[in-house]
Amino acid sequence: MLSNSRCFREGLVAGTIGAATVAVWFLLYDLAAGMPLRTPALLGATLFHGLREPSALVITLPLVLQYTAVHGLAFIAFGWAAAGLLALADREPCVLFGIFMLFCCFEVFFIALIAILAERVLETLAWWTILPGNLLATVVMLGYFFRSHRVAWRKLLAAGR
């Protein structure tokens with residue numbers, strides 16, 4: 001079983017690398033579109049200032065930093081939840097299915113949240129740009145978690161045979 005401090009550290013690291021993966025994905029996407037930092041500025045302006053018309057966006061460092069902080073904290077909280085579930089899965093491997101569901105629900109929740117709260121943002125920031133970034137983050141986070149929880153993964157794979 002993981003100690004509380006190890007679980008805390010594991011969730012913090014996993015959340016941080018997940019957030020960084022998504023941030024790098026959107027930085028590359030925005031650079032390719034010729035508008036660096038547009039995505040975090042757009043989401044920050046929508047979240048904190050009620051931006052309704054994406055064409056009115058002015059990219060500023062405070063907007064980018066505000067959104068980056070919220071984005072990072074959300075991923076860290078998610079990392080802590082996943083680390084806690086993985087600590088439980090070390091004792092009870094069937095909990096790994098719950099972790100899979102958590103990752104799926106997180107993805108659906110994020111896209112639904114944007115669709116509900118900022119429909120106009122989805123006209124500018126399509127779901128198909130969000131999905132690859134979050135899938136990359138999932139792969140990176142699960143890869144990080146896999147290093148410390150190989151027994152649980154092996155037990156799950158063995159149970160499927």
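Read-outs throughout are calculated quantities, based only on the coordinates presented, and are distinct from any laboratory measurement. Computed from a prediction, not measured in an experiment: that's the story for all the values here. With ideal geometry, Cβ positions are generated from the backbone for all residues, glycine too; neighbour counts draw on all protein chains shown.
For a quick check, take a GNM of the chain with Cα springs below 10 Å and name the residue from Leu31, Leu102, Leu73 with the largest mean-square fluctuation.
Residue with maximal mean-square fluctuation among Leu31, Leu102, Leu73: Leu31.
If I require 18 Å or longer along the helix axis, counting alpha carbons, and a Kyte-Doolittle average no lower than 1.6, what helices from the chain are left? Use full DSSP H segments. Let's see the in-between values first.
Working: long enough: 4-32 (42 Å, 0.84); 61-91 (45 Å, 1.26); 95-117 (32 Å, 2.83); 127-148 (32 Å, 0.99).
Result, helices passing both filters: 95-117.
Return Thr129, Thr46 ranked ascending by Cβ neighbour count within 10 Å, so the fewest neighbours appear first.
On the way: Thr129 16, Thr46 22.
With the sparsest Cβ surroundings first, the list reads Thr129, Thr46.
Averaging sequence separations of C-alpha pairs under 8 Å and six or more residues apart, then dividing by the length of the chain, give the relative contact order as a whole percent. Could the numbers behind the result be given before it?
Values: 161 pairs, mean separation 54.5, N = 161.
It rounds to 34 percent for the chain.
Only Cα pairs within less than 10 Å get springs; with that Gaussian network setup on the chain, which residue of Phe106, Phe145, Phe75 has the largest fluctuation?
Comparing Phe106, Phe145, Phe75 in a Gaussian network model of the chain, the most mobile one is Phe106.
Taking the Cα centre of the chain as origin, work out the dipole magnitude from +1 charges on Lys and Arg Cβ and -1 charges on Asp and Glu Cβ, in debye rounded to 20.
Details: 11 positive and 8 negative charges, 131 e Å.
For the chain, the charge dipole is close to 620 debye.
Using a Gaussian network model of the chain whose springs link C-alpha atoms within less than 10 Å, name the residue from Ala81, Ala69, Ala56 with the highest mean-square fluctuation.
Ala56
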